[in-house]
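The values are calculated or read from the model by the stated rules, or taken from the named source; none is laboratory data. Please read all numbers here as calculations on a predicted model, not as lab measurements. With ideal geometry, Cβ positions are generated from the backbone for all residues, glycine too; neighbour counts draw on all protein chains shown. Each accessible area value is taken on the protein alone, full model and side chains, heavy atoms only, with ligands, DNA and RNA left out. Shrake-Rupley method; radii C 1.70, N 1.55, O 1.52, S 1.80 Å.
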Number of protein chains: 4
Amino acid sequence: MTIRELQDTLAHFARERDRVQFHTPKNLAMALTGETGEVLELFRWLTPEQSNALTSQPEGARALRHESADVFAYLLGLADVTGIDLEEALAERIELNRHRYPVVLAYGCAEKYTNLGE
Amino acid sequence: MTIRELQDTLAHFARERDRVQFHTPKNLAMALTGETGEVLELFRWLTPEQSNALTSQPEGARALRHESADVFAYLLGLADVTGIDLEEALAERIELNRHRYPVVLAYGCAEKYTNLGE
Amino acid sequence: MTIRELQDTLAHFARERDRVQFHTPKNLAMALTGETGEVLELFRWLTPEQSNALTSQPEGARALRHESADVFAYLLGLADVTGIDLEEALAERIELNRHRYPVVLAYGCAEKYTNLGE
Amino acid sequence: MTIRELQDTLAHFARERDRVQFHTPKNLAMALTGETGEVLELFRWLTPEQSNALTSQPEGARALRHESADVFAYLLGLADVTGIDLEEALAERIELNRHRYPVVLAYGCAEKYTNLGE
């Protein structure tokens, strides 16, 4: 399915249950962040190595799949009600970051672009 | 582009800059939530009505487009490194929620499924 | 109890259970944000008026009290392991904000200080 | 200063600037989480060891002190407008966790209490 089709499915689900009334951009932003908080909770006490291995166990994989889907659902919903084309927005962002993080300066570095080349 | 193609573009960007080393699932979960925090900051003081209108102004639309793209990028990255198929995960989640939130019980209601029908 | 005493109680609790090993600043920052995500989930679908009324019901009050305590516990823990004096940090922040948000410019306004007086 | 005095100072600051209107519990919950997102951003790409060392550099210490103060300020504000006694809530929570996490079962373990003793 395309992003548009995923959004239509979700919007239909909300309309059927008369939940569109709750889906202001503000509320969807809160729901989105609430769900990323649940993703965090899966990882908070893990070492980097344990975090790499989380999805090699069925229970960990299932939990992350569910929470990621919830994040994705609210991100799609937020973009839908605010008229943002996620794919276009991402392409624009990547293009901007190509300029902000030139390979020669950003190589192997996790600094924010405002600190590069110092 | 498909979700797979978006992920490949992002993975290429990270490899070119030798940043794959930072992209453990744990770190990507943190980055994802950091970005949803920035989405929240756009909305925190707005009334529901003002939140509806945010993207009708060019500056608000641009800010939300950028922050949403950052959220999307890290969600795609997290799914990529953990082997989660976001589209499949979402379809699975919608199917589950159809059962958890039957129209007749959930209509017009924002309660969690565990509280429905009480 | 003072903030220091609250921190000592929490540190003792963690030591007794051999959990200090999990309490890196990074992990505590994740736990802190995970808990604020749970606070968000209490409010996400509420109107401003409903959010004002949440704690007038025993169940809502209890839920928010628990989640706020969890946030507070991890904030105290993070400050403890990183050597930050929360009270001093807050006093410093308030002083800074007095300059950033002079009453005459900031009155009735939710803008960030960088946008004041435009 | 006591927690009550810190809250009074913050409330006075908000009243002077006519900002109480923005401080619904819902909005304060968003602001709180937005600030924990900024704490996360300081740590997201760090190894556990680097996260331990963040505050040994003046710049890192200052950044975390500021962000922690912002989190603390909104937590105090949220508790204030909702009538929650943070110290009491924390004491109650610690007492509950003593029962949920008995030393003999929870020792050296980061599992949630619902998974202990399995």
Please give me the summed charge of the neighbours of A:G83: other residues whose Cβ is under 14 Å from its Cβ, Lys and Arg +1, Asp and Glu -1. -1
Calculate one ³J(HN,Hα) per residue across segment A:36-51 by plugging θ = phi - 60° into the Karplus curve 6.51 cos²θ - 1.76 cosθ + 1.60, and present them in order as whole Hz with x for glycine and proline. 5, x, 6, 4, 3, 5, 5, 10, 4, 9, 7, 6, x, 5, 5, 5
Gained length - D:N115 relative to D:D8, 0.36 nm times residue gap less alpha-carbon distance: 34.4 nm
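Just the C-alpha atoms of the protein assembly as shown: what Rg/Rh do they give, with Rh taken as the Kirkwood radius? Mind dumping the intermediate values first?
On the way: Rg = 21.6 Å, Rh = 23.0 Å.
My calculation of the ratio gives 0.94.
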Residues along segment D:86-118 losing 50 Å² or more of accessible surface when the other protein chains are present rather than the chain by itself (probe 1.4 Å): D:E87, D:L90, D:E92, D:R93, D:I94, D:R98, D:V103, D:Y107, D:G108, D:A110
Just to verify a number: FRET efficiency for D:T47 and C:A53, C-beta to C-beta distance, R0 = 41 Å, to 0.05? 0.35
List, in order, the whole-Hz ³J(HN,Hα) value for each residue of segment C:82-97 obtained from phi through the Karplus relation with A = 6.51, B = -1.76, C = 1.60 and θ = phi - 60°; use x for Gly and Pro. 9, x, 9, 8, 4, 5, 5, 4, 5, 4, 4, 5, 4, 4, 4, 5
Taking a spot 7 Å from the Cα of D:R15 along the direction of its beta carbon, which residues of segment C:97-118 have an amide N less than 18 Å from it? C:98, C:103-104, C:107-109
What does the charge dipole of chain A about its Cα centre add up to, to the nearest 20 debye, if the Cβ of each Lys and Arg holds +1 and the Cβ of each Asp and Glu holds -1? 140 debye
In the neighbourhood of C:R98 defined by beta carbon distances under 13 Å, the net charge of the other residues (Lys, Arg +1; Asp, Glu -1) is 0
Span from the segment C:35-59 Cα centroid across to the segment B:49-89 one, whole angstrom: 24 Å
At a probe radius of 1.4 Å, what is the per-residue accessible area of A:D8, in Å² to the nearest 10? 80 Å²
Look at the axis of the rotation that sends chain C onto chain D, then give the chain C residue with the nearest Cβ and the distance in whole Å. C:T36, 2
Which of the residues in segment D:20-37 lose at least 50 Å² of accessible area when you go from the chain alone to all protein chains together (probe 1.4 Å)? D:F22, D:P25, D:K26, D:N27, D:M30, D:T33, D:T36
For the protein assembly as shown, which whole-number percentage of the solvent-accessible area (1.4 Å probe, protein heavy atoms only) is attributable to carbon and sulfur atoms? 50 percent
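Per residue, how many Å² of accessible area does the protein assembly as shown show with a 1.4 Å probe? Intermediate values should be presented prior to the final figure.
Values: 21730 Å² over 472 residues.
Per residue, the protein assembly as shown has 46 Å² of solvent-accessible surface.
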Any idea what angle helix D:3-16 forms with the longest principal axis of chain D, computed on alpha-carbon atoms, 0 to 90 degrees, nearest 10? 40 degrees
Distances in nm, one decimal, shortest first, from C:E49 to the same residue in every other copy, taking the label point 7 angstrom along Cα→Cβ. 1.4, 5.8, 5.9
Among the listed pairs B:K112/C:K112; B:K112/C:K26; A:K112/D:K26; C:K112/D:K112; A:K112/C:K112; C:K112/D:K26, which are separated by more than 28 Å between their Cα atoms? B:K112/C:K112; B:K112/C:K26; A:K112/D:K26; C:K112/D:K112
Roughly how much accessible area, to the nearest 100 Å², goes out of reach of solvent when D and C pair up, both sides summed, probe 1.4 Å? 5800 Å²
Anisotropy class of chain D from Cα gyration tensor, a/c 1.5 cut: oblate
